[in-house]
1. Specify the residue that is nearest to Gln14 (Cα to Cα); the eligible residues are those in region 114-136 that are within 16 Å of ligand 1 (Cβ to nearest atom) and open to solvent by 20 Å² or more (accessible area, probe 1.4 Å).
2. Among the listed residues Thr111, Thr144, which satisfies the condition of being exposed (fewer than 15 other Cβ atoms within 10 Å of the Cβ), among the β-branched types (Val, Ile, Thr) and more than 16 Å from ligand 1 (Cβ to nearest atom)?
3. Name, by its number, the condition in (1) hydroxyl-bearing (Ser, Thr, Tyr); (2) closer than 25 Å to Ile33 by Cα; (3) in contact with a strand residue (DSSP E or B) (Cβ under 8 Å, 6 or more places away or on another chain) that does not hold for Ser170.
4. For region 1-102, which fully contained helices (runs of 4 or more DSSP H) count at least 2 residues that are open to solvent by 20 Å² or more (accessible area, probe 1.4 Å), closer than 20 Å to Cys172 by Cβ and touching a residue at least 24 places away in the same chain (Cβ under 8 Å)?
5. Just to be sure I understand, how many residues within region 147-203 are away from ligand 1 (no atom under 13 Å from the Cβ) and in a loop (DSSP other than H, G, I, E, B)?
6. Being within 21 Å of the chain's Cα centre (by Cα) and either assigned to a strand (DSSP E or B) or among the polar types (S, T, N, Q) (or both) is the requirement here; does Thr111 meet it?
7. Based on what the data block shows, is Ala303 under 31 Å from the mean Cα position of the chain (by Cα), in a helix (DSSP H, G or I) and either among the polar types (S, T, N, Q) or modelled with pLDDT of 95 or more (or both)?
8. Filtering region 197-248 down to residues that are touching a strand residue (DSSP E or B) at 6+ places or on another chain (Cβ under 7 Å) and open to solvent by 60 Å² or more (accessible area, probe 1.4 Å), which residue is nearest to Gly51 (Cα to Cα)?
Amino acid sequence: MEKFIVSARKYRPQNFASVVGQQHITTTLKNAIHNNTLAHAFLFCGPRGVGKTTCARILAKTINCENLQEDGEACNECNSCRSFNEGSSLNIHELDAASNNSVEDIRELVTQIRFAPQEGKYKIYIIDEVHMLSSSAFNAFLKTLEEPPSYAKFILATTEKHKILPTILSRCQIFDFKRITNNDTVEHLQAIADKEHISADKAALQLIANKSEGCMRDSLSLLDKIVSFTNAHLTYENTLEHLNLLDEDYYFKLIDAIQNQDMAEALLLFDQINRKGFEGDTVLNGFAECIRNLMVSKDAKAAQLLDVLEGMQGKYVETAKKVSLSYLVSALNVLAEAEAGFRLARNKRLHVELCLIKLCYLQQALELAAGGDGSVIKKKELMAQ
Ligand SMILES: Nc1ncnc2c1ncn2[C@@H]1O[C@H](COP(=O)(O)OP(=O)(O)OP(=O)(O)O)[C@@H](O)[C@H]1O
Ligand SMILES: [Zn+2]
């Protein structure tokens, strides 16, 4: 197989249309370019790896394109577009404020801005992680931001909008980037897998999407990693293993065990999970997530909030029918308490075991609290609620 190149770089979108999941932003930008109503300063906010720098670069290329397309996209063919695509354009300046945050760095940039572009229309200054600029650097920059030359555009990007001074906020047009949904991520990964002749089960890509929590860059680097480990054959099982995730089936088995008040089975299951190398807090957290999903599955309307692997929805809905809502809520409380105390517990294994034992006896405790005598009949009534 041909050497696989880092997907994140190879598949960095080259036009607005191929940016995934940020249509609210790309459409506004295209319209502003088309109607010539572009602001001179932008603030791109949002989580890591969702397309802020990518959109900044596309915007820079598009407003300098010599042959702007009808649909507001750059042509990708003119001299200017080509130099942007090759990374040789002199009209784009990127400053990473995380590593260049001093007054000197900003002064250098401010001096530069005075010179009009030798070719092309606009000079674009992208300041990444702008919240990291020192306050004196911020101040040095403010004046330029207030009265920039007509050929200068600023794109400030940050993952921490709340750290940006109001004086900066009020001078920028603000765009809030969203996390990428799991569906969008899976679709994007599938398209890349197809192009690279990678065989990947949908469930494997869903695991990657889940693990990346809306960060497209992470999903691409995970894809890279697992492709190289698995020789480009991603299955649910080998992806689970490489992502160090526990098969959800274990949680369903745990639910069964605690529902049947089968303490021995619950402890044995935890032992098996432990031997696979999963820490107690991972188990508590994963189990809580499973119970949350069951709670959501109780109600058809809330079930939209269920974000689980395809094919698992049915299993959640079916299992949820067998457990009462009050039980699920109490179980979540017990788990939350155990999670909170985990860090301080000296014997972590025992800490989780105690939590599982509590969960096994939770049903009885609920019955007693409901005024029952703990009999099986009473239990059945409670379950039907
Ligand atoms: N919305 C997206 N659509 C398609 N690919 C994306 C998207 N967002 C990120 N990527 C991929 O992830 C890589 C990194 O994205 P980018 O640098 O634009 O993220 P960012 O939001 O600026 O992150 P950071 O805040 O960490 O700088 C891109 O090269 C691209 O391959
Ligand atoms: Zn062009």
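The values are calculated or read from the model by the stated rules, or taken from the named source; none is laboratory data. These numbers were taken from a predicted model, which means no experiment stands behind them. With ideal geometry, Cβ positions are generated from the backbone for all residues, glycine too; neighbour counts draw on all protein chains shown. Surface accessibility is based on the protein's heavy atoms, side chains included, excluding ligands, DNA and RNA. Shrake-Rupley method; radii C 1.70, N 1.55, O 1.52, S 1.80 Å.
1. The initial filter retains those residues of region 114-136 that are within 16 Å of ligand 1 (Cβ to nearest atom), namely 124-133.
Restricting the remaining residues to those that are open to solvent by 20 Å² or more (accessible area, probe 1.4 Å) gives 128-129, 131-132.
Values: Asp128: 19, Glu129: 22, His131: 27, Met132: 28 Å.
Among them, the one singled out is Asp128.
2. On the way: Thr144 fails: exposed (fewer than 15 other Cβ atoms within 10 Å of the Cβ).
None of the others qualify; the one that does is Thr111.
3. Every listed condition holds for Ser170 apart from (3).
4. 23-34, 52-64
5. Residues in region 147-203 being away from ligand 1 (no atom under 13 Å from the Cβ) and in a loop (DSSP other than H, G, I, E, B): 14 in total.
6. Answer is no for this residue.
7. No.
8. Asp201
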